[in-house]
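Data first, discussion second: the structure below is written as structure tokens.
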């Protein structure tokens, strides 16, 4: 099995290398007039040399010469030392960076096999000694002209956030993920956001994990308990770990269930702290709660019960770092959960305790009602309004501007082409009403153990 996995990885690398080489050659040919024009403008505005060359660590930390268009002058202070980057960066250079045109000569590095089209950005050699072992994993793949970081915040992110996203890419690298990143890069370039942090040409120097830890230790973490002990609860716990790797925010205490006698073998029994009596007895030692239940009806029932039981408790919204969401326009209420790889465009609304599981997509102006659950891979098109307590099955699709009534269920893989009334269950392609009594009892409703 290990040998087969090794061969599979080698095939993937060969295919990625072939794709990179072919695309880089074609891109250089197509963009050659633009490259010649930019080269001329750099020569006229900044002088020689036209290209900026610097050693950067690549695959396995091996140094190579990274090539870019120059964007800064060589201005020095009275002692002959170069001025800070922010003072040497010209208006023309800032334009090149904001449009990422300065990166285009890197296609030569791709042709040479030193870089890939997609991968973690190559950083300075002195950072190698400052990485933690986990951060060093970003060098398990070739560096890229664009990457997962570039479509998830770019230089608006902190260093720890960037490294966590780099490592996530290393663990999830695939051809289709690369295609998604390349397509999203075009949109990010047009938006021209996250180009630099305030007061810097790009980013402040990375000083190492120890400096970040000193800062983190000053901020107390919220002590959080997850309600439930099944698969959904474990996904939330995994998201807490991912959030903490970027910026420590939570101290996960464990799981709490309503009835200990109903725990199943597949539940995380070893980490269960107790039942709701335990919550009451330890209320002063808990800062926040999250509901790890995948049933809309149970989510709403528990939310009401626990709000009464613990009126002062916090219900944070938990968003996996790999989710792509326009947070500037989004309206997300308390207690929501957004899983790994969720993609949402503009003006989405999530009411309290809504759950969007991994890999689902939400179109513009999509509205998800309180306690509703959108399962993995479901596609909610633009303008869709989902009522309170709705269950959308795995891989289901809801076409634009439709309304799904409160308490309705959309079956797995269903394609909804019409409005769904309150409390109705629809299945199939196209989705049609189906009475619950017509289904075998074993699949009338998926059981979610609290």
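The values are calculated or read from the model by the stated rules, or taken from the named source; none is laboratory data. Just so we're clear, the structure is a prediction, and the values are computed from it rather than from any experiment. FYI the Cβ positions are ideal-geometry reconstructions off the backbone, even for glycines, and counts take in every protein chain you see.
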The residue from 79, 99 that alone is assigned by TED's automatic domain parsing to the domain that holds residue 31, without any contact (Cβ under 8 Å) to a residue 40 or more places away in the chain, farther than 21 Å from residue 48 by Cβ and out of contact with any strand residue (DSSP E or B) (no Cβ under 8 Å at 6 or more places or on another chain) is 79
Of the residues in segment 374-428, those that are more than 24 Å from residue 332 (Cβ to Cβ) and in contact with a helix residue (DSSP H, G or I) (Cβ under 7 Å, 6 or more places away or on another chain) number 1
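From the list 241, 266, which one is in a loop (DSSP other than H, G, I, E, B) and outside the structural domain of residue 165 (by TED's automatic domain parsing)?
Exactly one of 241, 266 is in a loop (DSSP other than H, G, I, E, B) and outside the structural domain of residue 165 (by TED's automatic domain parsing), namely 266.
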Scanning segment 131-147 for residues that are part of a loop (DSSP other than H, G, I, E, B) and out of contact with any strand residue (DSSP E or B) (no Cβ under 8 Å at 6 or more places or on another chain), the one farthest from residue 102 (Cα to Cα) turns out to be 132
Has segment 127-139 got any residue that is buried (at least 18 other Cβ atoms within 10 Å of the Cβ), touching a helix residue (DSSP H, G or I) at 6+ places or on another chain (Cβ under 8 Å) and closer than 30 Å to residue 29 by Cα?
yes
Note: among 359, 371, just one is assigned to a loop (DSSP other than H, G, I, E, B) and touching a helix residue (DSSP H, G or I) at 6+ places or on another chain (Cβ under 8 Å), namely 371
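Condition check ((1) in contact (Cβ under 8 Å) with a residue 24 or more places away in the chain; (2) within 15 Å of residue 404 (Cα to Cα)) across all residues:
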{"residue": "324", "(1), (2)": "yes, no"}
{"residue": "329", "(1), (2)": "no, no"}
{"residue": "333", "(1), (2)": "yes, no"}
{"residue": "337", "(1), (2)": "yes, no"}
{"residue": "351", "(1), (2)": "yes, yes"}
{"residue": "359", "(1), (2)": "no, no"}
Across (1) in contact with a helix residue (DSSP H, G or I) (Cβ under 9 Å, 6 or more places away or on another chain); (2) modelled with pLDDT of 90 or more; (3) surrounded by fewer than 20 Cβ atoms within 10 Å (Cβ to Cβ), residue 331 clears everything bar (1)
